[in-house]
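For reference, the structure discussed in these notes is given below.
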Amino acid sequence: MRADDDGHYDDAIASLADRNYTAAGDAYTRAGRRVLSGPRANSSPFDDDEHGWVGIGLSYLCTASICYRVAGQQARATHRAVEGVAVSRDLAAVTDHAAQRACFEELIADLHVAGDLNGVDEAYDDAVTAYRDAGAGIDDPQRWATTPLFEAAATPLTQVARSLADGEIAIEWEQLHGSDPADQAAFLAERARYKRRRFPSLLDRVVEGGYLAAPRGSTEYDTDHHYCPNCESTSVNWIGDDVLCLRCSSVARPQ
């Protein structure tokens with residue numbers, strides 16, 4: 001799932017591998033702003049788009065805020081989160097899709113967590129209410145949940161969670177959503193409820209530990225072609241332009 005980020009996302013991944021979280025925050029910021037200016041070739045962020053590619057840009061701003069938090073730069077984390085909230089609200093106001101409006105509210109709440117802004121619980125309550133109000137207008141919640149917008153909105157949480165789980169998938173798709181897709185509003189509203197319960201505490205632990213993993217891409221376990229010079233693992237994560245260690249996100253070296 002890639003939007004037109006002009007290569008800045010790959011730079012962010014490389015900076016994560018180097019543990020340079022300020023540089024990673026800067027690269028994620030540039031990636032986010034690039035996507036927000038034009039998510040795909042010949043597209044506008046204000047176009048009617050059921051895929052919601054523009055959400056990837058908001059996800060990048062959210063992750064930028066997290067990177068700055070890990071780097072100990074709270075002011076920059078706050079600024080990036082406030083920026084993301086403002087853009088999310090603007091995009092929510094112009095979309096014709098109730099499900100997407102609710103997802104933008106969900107992203108607003110995530111940005112509150114990322115930037116350590118006041119009103120986290122209230123922001124997630126607003127997202128739950130938005131999903132409930134969308135109600136029967138959400139014709140296929142599972143389809144919406146797999147669009148770029150909704151997947152982008154899940155990425156900061158799952159990236160934070162895998163940072164605490166030895167690089168493994170720590171939050172499954174099924175955990176993030178309700179148990180009954182026939183109840184459209186509840187199925188998607190569970191995303192906001194789950195994040196309200198888990199995201200703040202997980203992020204606090206990541207900030208305290210000073211380590212943020214790279215996102216999970218394609219993985220391969222116990223390889224005979226790469227090893228990690230940092231932790232000696234031979235399991236790899238193919239993400240960005242690099243082959244990273246699955247366990248600690250350092251650059252893996254060929255054996």
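Numbers for the structure displayed
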quantity: Max mean-square fluctuation residue, GNM over the chain, Cα-Cα springs under 10 Å, options Tyr68, Tyr211, Tyr221; calculated: Tyr221
quantity: GNM flexibility winner over the chain from Thr146, Thr158, Thr22 (Cα, springs under 10 Å); calculated: Thr146
quantity: FRET E, pair Ala136, Asp204, Förster distance 41 Å, beta-carbon r, rounded to 0.05; calculated: 0.65
quantity: Relative contact order for the chain, counting Cα pairs under 8 Å that sit 6 or more residues apart, in percent; calculated: 17
quantity: Using alpha carbons only: equivalent-ellipsoid semi-axes of segment 27-151, gyration tensor based, whole Å; calculated: 24, 18, 11
quantity: Full-extension gain in nm, Asp180 to Ala75, via 0.36 nm per residue minus C-alpha separation; calculated: 33.7 nm
quantity: Computed E for Asp48/Asp241 - FRET, C-beta separation, R0 30 angstrom, nearest 0.05; calculated: 0.35
quantity: Environment charge at Val243 (Cβ cut-off 10 Å; Lys +1, Arg +1, Asp -1, Glu -1); calculated: -2
quantity: Choice from Glu190, Glu232, Glu50 showing the highest fluctuation, given a GNM over the chain with Cα pairs closer than 10 Å; calculated: Glu232
quantity: Structure-derived volume of the Cα convex hull per residue in Å³ - corresponding label in (1) 110; (2) 245; (3) 193; calculated: (1)
quantity: Computed [θ] at 222 nm, deg cm²/dmol, the chain (DSSP H ≥ 4; -39,500 (n - 2.57); rounded to nearest 500); calculated: -18500 deg cm²/dmol
quantity: Separation of the Asp222 and Ala93 label points, Cα + 7 Å toward Cβ, nm; calculated: 5.6
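Read-outs: derived from the displayed coordinates by stated rules, not from any lab. Quick caveat, the model's predicted, so the values are computed rather than measured. Note that we place each Cβ from the backbone using ideal geometry, even for glycine, and neighbour counts take in every protein chain shown.
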